[in-house]
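Below is one structure, written out as structure tokens; the observations come after it.
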Amino acid sequence: MAVLLPKPGPRVDLYHTHTAVTVLAELPGLASAEQIGLSLDGQTLVLEGEIPCDYPVTQNRIALQERFFGSFRRSIPLPKPVTLKNSKARYSRGLLIVELQIEPAAPQTQIPVDFG
């Protein structure tokens, strides 16, 4: 049943390549970077902010509302470990695009075993 209900917040897509994880979020109507909070908590991207509703009427006059407006906080689990080095985020035409570089795998090293 949860699949049928809309998520509380902006719609998000996520994909990854061999080198990066990319997150795209619909955030219409933002005027500055200060309206978006973006952080990395372990292997989870946290996106927060508020999508403004600039209709010239009060809430009780809206007959149909399918788009999301208001405050939100989305925690998005990432499919790969990422690093902030060379990662970037940009906002254009209502779309936030976050590109996070995948953490290079640590080389495998042998651990000596003491017998004694």
**Request:** Kindly indicate which of Arg74, Arg90 is within 22 Å of His16 (Cα to Cα) and either touching a Gly at 6+ places or on another chain (Cβ under 7 Å) or of a type in the set (Gly, Ala, Ser) (or both).
**Result:** Arg74
**Filtered residues of region 42-62 (kept if more than 23 Å from Val21 (Cβ to Cβ) and among the hydroxyl-bearing types (Ser, Thr, Tyr))** = Tyr55, Thr58
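Residues checked against (1) surrounded by 14 or more Cβ atoms within 10 Å (Cβ to Cβ); (2) under 15 Å from Ile97 (Cα atoms); (3) at pLDDT 95 or above:
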residue	(1), (2), (3)
Met1	no, no, no
Leu4	no, no, no
Lys7	no, no, no
Asp13	no, yes, yes
Ala33	no, yes, no
**Request:** Would you check which residues across region 35-72 are surrounded by fewer than 13 Cβ atoms within 10 Å (Cβ to Cβ), acidic (Asp, Glu) and more than 12 Å from the chain's Cα centre (by Cα) and list them?
**Result:** Asp54, Glu66
**Asked** In region 83-116, what residues are part of a strand (DSSP E or B) and at positive phi?
**Response** Asn86
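The values are calculated or read from the model by the stated rules, or taken from the named source; none is laboratory data. Keep in mind that what you see is a predicted model, and the values were worked out from it rather than measured. Don't worry about glycine lacking a Cβ; one is built from the backbone with ideal geometry, like all the others, and counts go over all protein chains shown.
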